[in-house]
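Visitor: Got a structure for you, written out below as structure tokens; questions coming shortly.
The values are calculated or read from the model by the stated rules, or taken from the named source; none is laboratory data. Owing to the predicted nature of the structure, the values given are computational and were not obtained by experimental measurement. Using ideal geometry, Cβ is built from the backbone for each residue, glycine included, and neighbour counts are taken over all protein chains shown. Accessible surface is based on the protein model in full, side chains and every heavy atom, while ligands, DNA and RNA are left aside. Shrake-Rupley method; radii C 1.70, N 1.55, O 1.52, S 1.80 Å.
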Amino acid sequence: MSAALPVLMRKVYLWMAMALVITGFTAYYVATNETIMVALLSNQVLFWGLAIGEIALVVGISAAINKLSLTTATLMFVLYSVVNGVTMSFIFLVYTQSSITNVFFITAATFGVMALFGYFTKTDLSSLGKYLMMALIGIIIATIVNFFTKSQGLAVILNYLGVLVFVGLTAYDSQKIKEMLAQAPDAGEGAQKVALLGALSLYLDFINLFLYLLRIFGDRRD
């Protein structure tokens with residue numbers, strides 16, 4: 001096992017925590033800024049532009065990580081965190097602030113337990129990861145279909161399935177990141193890029209787990 005593993009794993013969780021803080025503050029700031037919220041609500045082109053921009057940033061970081069400098073990749077991750085915060089600001093219009101806070105702590109506890117399990121377990125989770133990815137694709141397709149059919153029952157099922165999938169992916173990604181970083185000869189830029197991608201994966205797991213839990217346990221505004 002690489003001597004640099006502890007340093008690199010700390011970077012993974014520091015980058016992930018940084019991104020979550022940026023997203024949280026951005027979402028709250030946008031939600032409490034009437035001018036920005038009116039612009040987002042009244043301009044669908046702007047909203048969908050941000051949504052497409054999010055996808056482009058994730059794909060760009062993942063696909064071009066070897067060509068990007070560590071600084072550029074980090075800045076792109078920060079930018080993604082900001083943009084995601086803007087699009088997530090709408091949860092403050094739908095759910096009470098107290099329930100958002102409560103669900104955040106539930107998510108943090110669940111995520112922490114599964115991340116530790118993935119890191120320390122001796123069981124190979126690679127086969128589980130394949131099934132989870134297939135299940136995630138199925139959830140995405142079913143969610144798109146339900147956007148048109150608007151079945152409340154199916155929505156509830158998808159929310160619970162989403163929680164299960166991202167709980168599993170948290171453990172799987174944690175193990176995968178550890179295995180990749182354990183092979184790094186040092187904590188040089190190349191290894192730190194891998195750590196940054198790991199932070200992005202865990203950040204996405206956390207955000208999606210949070211959103212699915214919020215749909216289940218969140219108290220809607222009157």
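Visitor: Counting only heavy atoms of protein chains, what accessible area per residue, in Å², does the chain have with a probe of 1.4 Å?
Guide: Numbers: 12040 Å² over 222 residues.
For the chain, the per-residue accessible area is 54 Å².
Visitor: Hey, if you put +1 on the Cβ of every Lys and Arg and -1 on every Asp and Glu Cβ in the chain, which of Val78, Gln152, Thr23 ends up farthest toward the positive end of that dipole?
Guide: Comparing the listed Cα positions along the dipole, Gln152 ranks first.
Visitor: Continuing with the same structure: Under a 5 Å amide H to amide H cut-off, with H placed in plane at 1.01 Å, what residues pair with Tyr95 once short-range neighbours are removed?
Guide: Arg221
Visitor: Can you give the Kirkwood hydrodynamic radius of the range 83-165 from its Cα pairs, in Å with one decimal?
Guide: About 15.3 Å for the range 83-165.
Visitor: At a Förster distance of 22 Å, what's the computed FRET efficiency of Ala135 paired with Phe104, Cβ-Cβ distance as r, to 0.05?
Guide: On the way: r = 24 Å, r/R0 = 1.11.
It comes to 0.35.
Visitor: Next question, about the same structure. Just to check, using Stokes-Einstein with a Kirkwood Rh over alpha carbon pairs, what's the diffusion coefficient of the range 70-222 at 20 °C and 1.002 mPa s in µm²/s?
Guide: On the way: Rh = 17.0 Å.
Estimated diffusion coefficient is 126 µm²/s.
Visitor: Membrane-span-like helices in the chain: DSSP H runs reaching 18 Å or more (Cα, own axis), mean Kyte hydropathy at least -1.0? Write out the running numbers ahead of the final one.
Guide: On the way: long enough: 5-31 (39 Å, 1.32); 44-64 (29 Å, 1.79); 70-88 (27 Å, 1.46); 97-120 (34 Å, 1.24); 126-149 (34 Å, 1.61); 152-182 (45 Å, 0.91); 189-217 (41 Å, 1.19).
Taking the DSSP H segments of the chain (at least 18 Å long, mean hydropathy at least -1.0), we get 5-31, 44-64, 70-88, 97-120, 126-149, 152-182, 189-217.
Visitor: Under a GNM of the chain (C-alpha, springs under 10 Å), which listed residue has the highest mean-square fluctuation: Met37, Met76, Met134?
Guide: Largest GNM mean-square fluctuation: Met134.
Visitor: Packing-wise, with mean Cβ within 10 Å as the measure, how do 14-21, 42-49 rank, highest first? Walk me through the numbers on the way to the answer.
Guide: Working: 14-21: 18.2, 42-49: 11.0.
Per-residue Cβ counts within 10 Å, averaged per peptide and sorted highest first, yield 14-21, 42-49.
Visitor: Quantify, in whole percent, the carbon and sulfur part of the accessible surface of the chain (1.4 Å probe; protein heavy atoms only). Before the final figure, lay out each step's value.
Guide: Working: 8370 of 12040 Å².
Of all accessible area on the chain, carbon and sulfur atoms account for 69 percent.
Visitor: Right, something else. Take the chain, connect every pair of alpha-carbon atoms lying under 10 Å apart with a spring to form a Gaussian network, then pick out the residue of Ala64, Ala184, Ala73 with the largest mean-square fluctuation.
Guide: Ala64
Visitor: Distance in nm between label sites at Phe25 and Lys122, each 7 Å beyond Cα in the beta-carbon direction?
Guide: Taking the two extended label points, one gets 4.4 nm.
Visitor: Projected area of the range 124-187, taken from the Cα convex hull and averaged over every viewing direction, in nm²? Could the numbers behind the result be given before it?
Guide: Numbers: hull surface 20.7 nm².
That works out to 5.2 nm², a quarter of the Cα hull's surface.
Visitor: Distances over 18 Å make up what percent of all Cα-Cα pairs in the range 1-108?
Guide: Values: 3385 of 5778 pairs.
When every Cα pair of the range 1-108 is considered, 59 percent fall beyond 18 Å.
Visitor: What is the calculated FRET efficiency for Ser151 to Ala182, with r their C-beta to C-beta distance and R₀ = 41 Å, to the nearest 0.05?
Guide: Details: r = 45 Å, r/R0 = 1.09.
The computed FRET efficiency comes out at 0.40.
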